[in-house]
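Participant: Let me begin by handing over the structure; questions about it come next.
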Amino acid sequence: MEHVISYYSETVLEDILALPDALAARYVVLTRRMVAVGPNLGEPHTKAMGNGLFELRLKGAEGIARVFYCTLVGRKIVILHSFVKKSDRTPLRELEVAVNRLKEVKHEDA
């Protein structure tokens, strides 16, 4: 049985679609694999961030992007937030956005 990907909001989907071409192509390849085999692709593609938050790690000619997601019961993957990295470390603000959305999604699912 395949997994299903949904988006926290229409804005999150629009942000994904606005990624530079190589990063967007990598996103498509990896999310297709997630649908087929599950959300944990292992490093270097995915990484557990703790408390049910995961990141999809995208790398391409235009740079590096991160896509935060969580999983819900029923083989559902929810894309919470994305951004293009401009430094080595993930900015705290970007992580906070994802954590707040994770809490909201988990609360609604309960």
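Participant: Ordered by residue, what ³J(HN,Hα) values in Hz, to whole numbers, does region 10-23 give under the Karplus form 6.51 cos²θ - 1.76 cosθ + 1.60, where θ = phi - 60° and Gly and Pro are x?
Facilitator: Calculated HN-Hα couplings, in order: 4, 5, 4, 4, 4, 5, 5, 5, 8, 4, x, 3, 5, 5 Hz.
Participant: Let me ask something additional. Find out how many positive minus negative residues lie around Lys85, taking Lys and Arg as positive, Asp and Glu as negative, among other residues whose Cβ is under 12 Å from that of Lys85. List each step's numbers first, then the result.
Facilitator: On the way: positive: Arg57, Lys59, Arg66, Lys86, Arg89; negative: Glu55, Glu62, Asp88, Glu94.
Taking every Cβ under 12 Å from that of Lys85, the sum is +1.
Participant: Is it possible to state the helix-based mean residue ellipticity at 222 nm for the chain, with each DSSP H run of 4+ residues giving -39500 (n - 2.57), the sum divided by total residues, to the nearest 500 deg cm²/dmol? What is it?
Facilitator: After summing the helix terms and dividing by residue count, I get -12500 deg cm²/dmol.
Participant: Quick one, which of (i) 13.0, 40; (ii) 21.6, 71; (iii) 17.0, 49 is the actual Rg and Dmax of the Cα atoms in Å calculated for this model?
Facilitator: Among (i) 13.0, 40; (ii) 21.6, 71; (iii) 17.0, 49, the one derived from this structure is (i).
Participant: Suppose accessible area is computed on protein heavy atoms with a 1.4 Å probe; arrange Thr90, Thr31, Thr11 from highest to lowest.
Facilitator: Per-residue accessible area, sorted high to low, gives Thr11, Thr90, Thr31.
Participant: Right, another one. Please compute the contact order of the chain in relative form: average sequence separation of alpha-carbon pairs under 8 Å and at least six residues apart, divided by the residue count, as a percent.
Facilitator: Normalised by residue count, the contact order of the chain is 27 percent.
Participant: Continuing with this model, one more query. Using amide H atoms built 1.01 Å from N in the peptide plane, name the residues 5+ places from Met49, or on other chains, whose amide H lies under 5 Å from its own.
Facilitator: Phe54, Glu55
Participant: In a shell of Cβ-Cβ distance under 11 Å around Ala65, excluding Ala65 itself, what net charge do Lys and Arg (+1) and Asp and Glu (-1) give? Can you show the working numbers first?
Facilitator: Numbers: positive: Arg26, Arg57, Lys59, Arg66, Lys85, Lys86; negative: Asp15, Glu55, Glu62, Glu94.
With Lys, Arg at +1 and Asp, Glu at -1, the net is +2.
Participant: What are the trypsin sites (Lys or Arg not before Pro) within region 1-97 that DSSP puts in a loop, where the Cβ has at most 15 other Cβ atoms within 10 Å?
Facilitator: Of the trypsin sites (Lys or Arg not before Pro), the ones in loops of region 1-97 whose Cβ has at most 15 other Cβ atoms within 10 Å are Arg75, Lys86, Arg89.
The values are calculated or read from the model by the stated rules, or taken from the named source; none is laboratory data. Just so it is clear, the model here is predicted, and its values are computed rather than measured. Ideal geometry is used to build each Cβ from the backbone, glycine not excepted, and the neighbour counts take in all protein chains shown. Please note that ligands, DNA and RNA were not included when accessible areas were found on the heavy atoms of the full protein model with its side chains. Shrake-Rupley method; radii C 1.70, N 1.55, O 1.52, S 1.80 Å.
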